[in-house]
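Below is one structure, written out as structure tokens, with a few remarks after it.
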Amino acid sequence: MNKSTTTRLIAPIAAGLLMLSLSGCVSIEQKPSEETASASPSPSIDASVTPSPKAIDGTATPSGNIPKETASRDSFQQSFETILKHATKTKCAGNDTIDANGKILFLIGDCRDIKITGTGNMIVSNHMKSLEITGAGNIVAVKSLREVNVSGMGNTVGWRSGDTTAKDTGDSNALGKDALAGVPLDF
């Protein structure tokens, strides 16, 4: 082969390889011609795509944005309603101890002094005089709560009323009106 023919064959291939290496994930296919050798196709790239969040009406929202309906909703109310949908109604007798694990309960009736010694429960109630938690990993939402004392670990207690007295002597607990914000409630 003479020098002119070799240059004509190698130059397009070299240019194609240079463009391929500079293009990242884009593949360049070169149509074979009489004067050039055909390049082998690029291997396919496997990847996963995370879908963007959807608004309540099912339409996708721009990536990184929370749908307005979710952002404007009160985190306490949203958590209360989500737990309530899955809860079993349980009548309070006045001074009750919940020693169960992994229960989802809606406490109704005379819920004066409630003690939670169990682990991993989700509990909602309209009113409690006092709440004591010695268990771990419980999520509690109470609309009206006068006093809460938590000595367990990893518990979350949210309330609506403004005059609640809270005492936390445990570890990694979240207490307060905004305590339920960002708590994942996956059912």
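Okay, here's what the table says:
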read-out	value
Qualifying positions in the range 174-187 - free of Cβ contacts under 8 Å to residues at least 40 places away in the same chain and assigned to a loop (DSSP other than H, G, I, E, B)	176, 179, 184, 186
Extreme residue, farthest from residue 76 (Cα to Cα), among residues of the range 126-151 that are of a type in the set (Gly, Ala, Ser) and open to solvent by less than 10 Å² (accessible area, probe 1.4 Å)	135
Any hit, the range 59-70, residues being of a type in the set (A, V, I, L, M, F, W, C), more than 29 Å from residue 168 (Cα to Cα) and modelled with pLDDT under 95	yes
Close pairs from the range 144-155: first among the acidic types (Asp, Glu), partner open to solvent by less than 40 Å² (accessible area, probe 1.4 Å) and assigned to a strand (DSSP E or B), Cβ under 8 Å, at least 6 apart	147/130; 147/131
Answer from 98, 123, 83 - the residue that is in contact with a helix residue (DSSP H, G or I) (Cβ under 8 Å, 6 or more places away or on another chain) and among the β-branched types (Val, Ile, Thr)	123
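The values are calculated or read from the model by the stated rules, or taken from the named source; none is laboratory data. All figures in this text were calculated on a predicted structure; none of them were measured in a lab. Because the Cβ atoms are built from the backbone with ideal geometry, glycine has one as well, and the counts that use them run over all protein chains shown. Accessible surface areas use protein heavy atoms only, side chains included; no ligands, DNA or RNA. Shrake-Rupley method; radii C 1.70, N 1.55, O 1.52, S 1.80 Å.
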